[in-house]
1. Looking for something buried (at least 21 other Cβ atoms within 10 Å of the Cβ) and either in the same structural domain as Val151 (by TED's automatic domain parsing) or over 28 Å from Pro4 (Cβ atoms) (or both) - is there at least one such residue anywhere in the range 94-106?
2. Quick one: count up the residues across the range 60-88 that are closer than 26 Å to Gly137 by Cα and modelled with pLDDT under 95.
3. Scan the range 77-94 and report the pairs whose first residue is on the phi < 0 side of the Ramachandran plot and whose second residue is part of a loop (DSSP other than H, G, I, E, B) and acidic (Asp, Glu), with Cβ atoms within less than 6 Å and a gap of 6+ or a chain change.
4. Find all pairs meeting these conditions: Cβ atoms under 7 angstrom apart; at least six residues apart or on different chains; first residue within the range 223-235 and not assigned by TED's automatic domain parsing to the domain that holds Leu113 and of a type in the set (Gly, Ala, Ser); second residue surrounded by 14 or more Cβ atoms within 10 Å (Cβ to Cβ) and part of a loop (DSSP other than H, G, I, E, B).
5. Out of Ala75, Ala51, I need the residue that is in contact with a Leu (Cβ under 6 Å, 6 or more places away or on another chain), assigned to a helix (DSSP H, G or I) and of a type outside the set (D, E, K, R). Which one?
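The values are calculated or read from the model by the stated rules, or taken from the named source; none is laboratory data. This structure is a prediction, so every number in the text was calculated from the model and none was measured. All Cβ positions, even for glycine, are placed from backbone atoms using ideal geometry, and neighbour counts span all protein chains on display.
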Amino acid sequence: MNDPVGAWRRLAEGDARVLLDGFHALKHALRFGAEVPVAVTADRAATLALADELAPDVRPALEELLAEVEQAVYASLVPRPHPTAVAALAVRPSRAGHLERLARSPRTAPVVLLDQPRNLGNAGAVIRLAAGFGATGVVTTGTLDPWHPTVVRGGAGLHFATAVERLEVAELPPGPLFALDPEGDDIRGVKLPDDAVLAFGSERSGLSAEVRARADHLVALPMRPQVSSYNLATSVAMTLYHWSLGGAPDLRQ
């Protein structure tokens, strides 16, 4: 690319662009089919060497895509420089395509619902977990944008491995809704079906009244007395692991 900085600045003005912050975010985005018009690095040779070591499958794509810029120029393009000195802009997947994927029947893996989350980093960690378990998608309610750059950074670019959208409660995908709640049935005695919607309340206030009213089942994670709560991402990990024990999709495909 003759003018990667000019291309970056033009693309950065659009609402449909996604900042991929760091080598691992770009690596995952490429692996899962993201459209990446521009990528820059302050050290092209070092980045390609890192690809040879950690991700040889995406090395050819990186070799064609990466443009080297001065360190100061790289730092001017991103809100917070990443230790790998790599950044890219990707095209955000279409909302219509994600909604179609979320509504597909039969579903072979649950949808994770974050009900009015507040913490951007926690939301990113949940998306990373959901992608690792092969969940159908992660949907959020409330004001947090699940495609915020901080969320994408926390998700290591794995937004492109699953369906990620912000929805109203009335728009939630079909399937039995299992809501995590301290007053629910012990999850160890509950089988979570593949088409479940697994709902987790916000870090501070728990489930909203609207989602609680929609719940088909309330389930609780085992917890030692006098321990108040788990971290949101930990709760999602425990729940998805419990689901996986009943038969998860083959992630090797």
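1. Applying the first criterion (buried (at least 21 other Cβ atoms within 10 Å of the Cβ)) to the range 94-106 yields 102.
Still in the running and either in the same structural domain as Val151 (by TED's automatic domain parsing) or over 28 Å from Pro4 (Cβ atoms) (or both): 102.
Checking the range 94-106: at least one residue is buried (at least 21 other Cβ atoms within 10 Å of the Cβ) and either in the same structural domain as Val151 (by TED's automatic domain parsing) or over 28 Å from Pro4 (Cβ atoms) (or both).
2. The number of residues fulfilling the criteria is 0.
3. Pairs that qualify, where the first residue is on the phi < 0 side of the Ramachandran plot and the partner is part of a loop (DSSP other than H, G, I, E, B) and acidic (Asp, Glu), are Val91/Glu35.
4. Nothing qualifies.
5. Working: Ala75 fails: in contact with a Leu (Cβ under 6 Å, 6 or more places away or on another chain).
Only one candidate qualifies: Ala51.
Yes/no per residue for (1) in contact (Cβ under 8 Å) with a residue 40 or more places away in the chain; (2) more than 21 Å from Pro222 (Cα to Cα):
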{"position": "His148", "(1), (2)": "no, yes"}
{"position": "Val152", "(1), (2)": "yes, yes"}
{"position": "Asp185", "(1), (2)": "no, no"}
{"position": "Gly201", "(1), (2)": "yes, no"}
{"position": "Arg204", "(1), (2)": "yes, no"}
{"position": "Ser208", "(1), (2)": "yes, yes"}
